[in-house]
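S.K.: First, the structure itself, so that you have it in front of you.
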Amino acid sequence: MKKKLFLIGILASAVGVQANDCQVTKKFTSVDGTNSLHFNYANSSFKFCRNNRELLILKNLSFKTKNKIANLKFLEQKNVSEKVQVVWGKRAVVDNDYSEVTFSADKKNPYITGLTFRIYNDAIAFRYNLKNNFPVKNFTEYGEVLLTQKMIATCYRGENSPQTPAKLTKFKNKLRTPILLSNDFKIPKYFISLTEANCLNYNFLDFKVKNDNELYFSTTVKYKNQQHSPWRVFLLSDNINSLLDSDTIANLNPVANQEKFKWVKPGVCFWDWRAWGYTADDGFKYGLNLESWLRFVDFAHDTKVPYLLLDANWYGHEFNPKSNPLDPSQWNRINTLLDYAKKKDVKILLYLNDVASNNYDIDKVFAMYHKKGVAGVKYGFLRVKGQQNKIAKTQMLIEKCAKNHLMIDFHDNPVLPTGEFNTYPNAVTKEFCHAQADAKRSYDPQGFLRIVMVDNIAGPIDMTNGFFDLNTTTKRPRVFQKINSTIVAETARTLVAFSGLVVLPDAADAYKKHSELFKFIALQQQPWQQSKTVKAEFDKYIAVARKNKHGQWLLAVVNGNYKRTVEVPLNFLENKNYQAKIFTDTDETHYKSNKESYQQQEQNVDNQTSLSLNLAAGGGACIIFDEIK
């Protein structure tokens, strides 16, 4: 039987949008007055404005069901302005300021009680409030987004870098969130990022193109007593910087009890997988073996790096259903490693494939990990039929890991980050991107920038940057293409990409050869007290500063494909004097040749200083700030 489309209120007319015409029936503003939501009683549409500039109209919200949804009515509004201390994130104390507006639906409506909007200083988000005891097992949402003008876009593309920004009509298939829109990526007046928050047992929206300035979205959901839909988030900004610095997606999730999760310690982590095959100066060749792991532990101890991650096959071939992580005989080497690492104050994370999860009792596996003193899990190849089921299983694994005091890092096409780390801080990162050297490919410098400026907006991502040996990597079994970067850029990328676990791909001996430069990575001691995207231009460069848990500032600059000079203001520093230790490329450095050439200098600076940095093609800069007392 053909389903009918019933709308929330009357259909909004598809007339053109006039840029500064925000005069509608009811207006609601963010706490600082920057963003505003305008509710049209006549057609139940919503205009989103920023600084009185109309950006979009959200219209034709509907459910494909047999019962018409009655007109929406304004119910209540409340303002919230609070400072929230979090377990970890971009900063230790987060501003959570918003105006919450609730609209009620007709009481006879069997599906929703209404909608709730939150108007933040940098975003507008909404969600449906669902009724109990749905009359149907499945339902489909639908809505349309009418933009103020023809815009260009790019979006998440799985294990590929986001594509070159293009007109909407160039996207023949669905756009995957996060989606980044702008009037002009070269000379932008504003950016809009479309994504979601607090998605637990639901389905993500699919966005498709109607024309050059209009999108529509839909999703089909299996009803499982959900109280709300996820938050549908529209991040709004005049520049890319504030999108990257936003805490809104995390804030749309309940905040964790700090005492309950005090065992979660984000930080830097060595990794054995890509280091496999590296030959040290003393002739030692790294493998997936105990001797290699002990080398990592020794160097981790010396540099105060807290973690080592062991990847696949430690309990047998990962895709073999008979490979059993509960088998005591598989733990002989691991037990020796755990004992040694404990003496060195280094913690171990272990890999687990979804195949083992499906064939063995996952509660017993995680309980064993916890009993042995394992710090966390890298979870690979989660494969389950249906996106909603995959989202639900992801959440189930996060909760089971939390119960056993295990951090978790999802790899191999994980689901969209939606701020879950705010509620479950043990969900430290996801490979929601093309990680370096993964899928038998390496990305170019521009590809890195696109991943950070599109994918990373959604939440913490595991990009596995930080190669120091850039000349012989393709001789290794798990590196298939040359790494298109410089040694300074690789170092800088570890700070720029936001993640609760900074996973390093190279061998301990490769880092030893450049111990002064490696200090920049070792000082990335989380949780961060503060973070700031100091300067950025899409496809060109990015400069990010973060203050570590001891109060020390670090600054990283990553360049795109072409050589350039960038002026970076140090206005993020406190009103103090500092000695800056600056690592930069040389005149001969290039991401295709002379990759390991760099230079070091020192300079006294303060928060009025602006550094002029000469960046090689695909290069970067790393700066350590020591306070002068």
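S.K.: Among all residue pairs at least 6 apart or on different chains, which show Cβ distances below 6 Å where the first residue, located in the stretch 261-277, is closer than 17 Å to H370 by Cα and the second is open to solvent by 30 Å² or more (accessible area, probe 1.4 Å)?
M.R.: Filtered contacts from the stretch 261-277: W263/H405.
S.K.: Here is a list: L194, L236. Which entry is in contact with a Ser or Thr (Cβ under 7 Å, 6 or more places away or on another chain) and either part of a helix (DSSP H, G or I) or under 26 Å from A545 (Cα atoms) (or both)?
M.R.: Matching residue, one of L194, L236: L194.
S.K.: Give the stretch 592-611 a look and list any residue that's open to solvent by less than 70 Å² (accessible area, probe 1.4 Å), touching a residue at least 12 places away in the same chain (Cβ under 8 Å) and either among the hydroxyl-bearing types (S, T, Y) or not in a strand (DSSP E or B) (or both), or say none.
M.R.: K595, E596, S597, Y598, D606, N607, T609, S610, listed by residue number.
S.K.: Somewhere in the stretch 106-124, is a residue aromatic (F, W, Y) and at pLDDT below 95?
M.R.: Yes.
S.K.: Would you be able to tell me the number of residues in the stretch 295-332 that are in contact with a helix residue (DSSP H, G or I) (Cβ under 6 Å, 6 or more places away or on another chain), part of a helix (DSSP H, G or I) and not hydrophobic (A, V, I, L, M, F, W, C)?
M.R.: Residues that pass the stated criteria total 2.
S.K.: OK, next. Does L338 satisfy the condition of being modelled with pLDDT of 95 or more, among the aliphatic types (A, V, I, L, M), in a loop (DSSP other than H, G, I, E, B) and surrounded by fewer than 23 Cβ atoms within 10 Å (Cβ to Cβ)?
M.R.: For L338, the condition - modelled with pLDDT of 95 or more, among the aliphatic types (A, V, I, L, M), in a loop (DSSP other than H, G, I, E, B) and surrounded by fewer than 23 Cβ atoms within 10 Å (Cβ to Cβ) - is not met.
S.K.: How many residues are surrounded by fewer than 22 Cβ atoms within 10 Å (Cβ to Cβ) and free of Cβ contacts under 8 Å to residues at least 60 places away in the same chain when one looks only at the stretch 443-460?
M.R.: So the answer is 0.
S.K.: Do we find a residue being out of contact with any helix residue (DSSP H, G or I) (no Cβ under 7 Å at 6 or more places or on another chain), farther than 22 Å from S229 by Cα, among the charged types (D, E, K, R) and open to solvent by 20 Å² or more (accessible area, probe 1.4 Å) anywhere in the stretch 111-134?
M.R.: Scanning the stretch 111-134 turns up no residue that is out of contact with any helix residue (DSSP H, G or I) (no Cβ under 7 Å at 6 or more places or on another chain), farther than 22 Å from S229 by Cα, among the charged types (D, E, K, R) and open to solvent by 20 Å² or more (accessible area, probe 1.4 Å).
S.K.: So I179 fits all but one of (1) farther than 25 Å from A497 by Cα; (2) in a strand (DSSP E or B); (3) not hydroxyl-bearing (S, T, Y); what number is the exception?
M.R.: I179 satisfies all of (1) farther than 25 Å from A497 by Cα; (2) in a strand (DSSP E or B); (3) not hydroxyl-bearing (S, T, Y) except (1).
S.K.: If R333 meets every condition in (1) touching a strand residue (DSSP E or B) at 6+ places or on another chain (Cβ under 8 Å); (2) open to solvent by less than 10 Å² (accessible area, probe 1.4 Å); (3) over 28 Å from L523 (Cα atoms) apart from one, which number is that one?
M.R.: Failed condition: (2).
S.K.: Keeping to the stretch 538-576, report how many residues are out of contact with any helix residue (DSSP H, G or I) (no Cβ under 9 Å at 6 or more places or on another chain), in a loop (DSSP other than H, G, I, E, B) and crowded, with 16+ Cβ neighbours inside 10 Å.
M.R.: Result for the stretch 538-576: 7.
S.K.: Need the failing condition index for Q149 against (1) surrounded by 15 or more Cβ atoms within 10 Å (Cβ to Cβ); (2) farther than 25 Å from H228 by Cα; (3) touching a residue at least 40 places away in the same chain (Cβ under 8 Å), just the number.
M.R.: The single condition Q149 does not satisfy is (1).
S.K.: Test F74 against the stated conditions and say whether it is of a type in the set (F, W, Y), closer than 28 Å to Q149 by Cα and either outside any loop (DSSP other than H, G, I, E, B) or touching a strand residue (DSSP E or B) at 6+ places or on another chain (Cβ under 7 Å) (or both).
M.R.: Judged against the criteria, F74 is not a match.
S.K.: Further question: Keeping to the stretch 136-173, report how many residues are of a type in the set (K, R) and not in a loop (DSSP other than H, G, I, E, B).
M.R.: Of the residues in the stretch 136-173, 2 are of a type in the set (K, R) and not in a loop (DSSP other than H, G, I, E, B).
S.K.: Let me ask something else about it. Kindly establish whether K440 is modelled with pLDDT under 95 and over 14 Å from the mean Cα position of the chain (by Cα).
M.R.: Spelling it out, K440 is indeed modelled with pLDDT under 95 and over 14 Å from the mean Cα position of the chain (by Cα).
S.K.: Just one of L252, L308 is surrounded by 14 or more Cβ atoms within 10 Å (Cβ to Cβ) and closer than 30 Å to A510 by Cα; which is it?
M.R.: From the options L252, L308, the qualifying one is L308.
So that you can scan it fast, the table gives a plain yes or no per residue for (1) more than 30 Å from K170 (Cα to Cα); (2) at pLDDT below 95:
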| position | (1), (2) |
| --- | --- |
| N79 | yes, no |
| R91 | yes, no |
| K131 | yes, yes |
| T140 | no, yes |
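S.K.: Show the residue pairs that are 6+ apart or on different chains and have beta-carbon atoms under 8 Å apart, the first residue being within the stretch 425-441 and in contact (Cβ under 8 Å) with a residue 12 or more places away in the chain and farther than 26 Å from Q85 by Cβ, the second being outside any loop (DSSP other than H, G, I, E, B) and small (G, A, S).
M.R.: H434/G447
S.K.: Among the candidates D412, D339, single out the residue that is in contact (Cβ under 8 Å) with a residue 12 or more places away in the chain and among the acidic types (D, E).
M.R.: D412
The values are calculated or read from the model by the stated rules, or taken from the named source; none is laboratory data. Small disclaimer: the values here were computed from a predicted structure and weren't measured. Heads up, the Cβs are rebuilt from the backbone with ideal geometry, glycines too, and the neighbour counts pull from every protein chain shown. For accessibility, only protein heavy atoms count, side chains too; no ligands or nucleic acids. Shrake-Rupley method; radii C 1.70, N 1.55, O 1.52, S 1.80 Å.
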